[in-house]
1. Taking only Cα atoms and a 10 Å spring cutoff, compute GNM fluctuations for the chain and point out the largest among 87, 160, 30.
2. Between the stretch 96-124 and the stretch 46-60, what is the separation of their alpha carbon centroids in Å?
3. Pick from 110, 152, 164: which residue has the top mean-square fluctuation in a GNM of the chain where Cα pairs under 10 Å get a spring?
4. Using each residue's phi in the stretch 17-22, evaluate 6.51 cos²θ - 1.76 cosθ + 1.60 at θ = phi - 60° and report the 3J(HN,Hα) Karplus result to the nearest Hz, with x for Gly and Pro.
5. Put a dot 7 Å past each Cα toward the Cβ at residue 43 and residue 8; how far apart are the dots in nm?
6. What longest range of the chain stays clear of loop-exposed trypsin sites (Lys or Arg not before Pro) (DSSP non-H/G/I/E/B, at most 16 other C-beta within 10 angstrom)?
7. Could you work out Rg/(2.2 N^0.38 Å) for the stretch 47-148, with Rg from alpha carbons only?
8. Based on the Cα coordinates of the stretch 59-98, what is the per residue volume of their convex hull in Å³?
Amino acid sequence: VNRYWTVINTGTVFDKYGITLNFDPSDVDGGANTGNFNVAKYDAPDWSRATTGTRTATSTQADNLTSFSDFAIGETRTFTISETHSGHGTITPAGTITVSFGADTTYTVTPETGYHVADLLVDGNPVPPALQYVFQNVTGDQTISATFAVDTLTITTNAGPHGTINPPGPVLVPY
């Protein structure tokens with residue numbers, strides 16, 4: 001929407017309030033979907049997303065506001081997070097998903113029985129292998145990739161005084 005609003009206090013005491021921001025249809029950029037509009041709140045020097053209420057073709061509500069400020073309305077930018085994995089396990093959600101600007105998204109990494117997460121890469125950079133990864137405050141396209149490796153078990157042998165076991169000592173075997 002090609003306009004902004006400034007809301008000021010004239011002495012009203014409150015804990016929370018809501019506002020309806022009205023606009024003329026000619027203020028809406030071509031191709032914009034008013035059903036996807038969100039309200040942004042400016043408290044210098046930062047913009048934050050307000051809780052968006054009801055949307056119509058000519059208005060959008062913001063709820064649970066606790067201070068007065070400048071406001072703007074627009075469609076939230078979206079980004080993609082692409083998942084890849086190899087080996088014996090999965091990542092969910094699978095494939096490529098769309099995420100709204102500033103959103104958090106949790107991925108679950110699940111190795112098959114007898115396997116573990118060997119490597120976990122986020123945007124091509126290694127992160128500690130884990131069974132969950134949270135993308136916080138998404139502001140661009142991102143990737144997550146996992147590789148899985150077979151678990152190894154140790155067999156430790158101990159022969160009594162009158163015998164031998166071959167091979168002797170600890171032996172590593174795949175799951």
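Just so you know, all these numbers are worked out from the coordinates, no wet-lab data involved. Since the model is a prediction, treat every value here as computed from it, not as a measurement. Every residue, glycine as well, gets a Cβ built from its backbone with ideal geometry; the counts of neighbours run over all protein chains shown.
1. Highest fluctuation of the listed residues: 160.
2. 31
3. With Cα springs under 10 Å in the chain, the top fluctuation among 110, 152, 164 is at 164.
4. Karplus values, whole Hz, x for Gly and Pro: 8, x, 9, 10, 9, 9.
5. 2.0
6. Numbers: sites that count: 3, 16, 77.
After excluding every exposed loop site, the longest remaining stretch is 78-175.
7. Values: Rg = 18.0 Å, N = 102, 2.2 N^0.38 = 12.8 Å.
With N residues counted in the stretch 47-148, Rg over 2.2 N^0.38 Å equals 1.41.
8. On the way: hull volume 5.4 nm³, N = 40.
So the per-residue Cα hull volume is 136 Å³.
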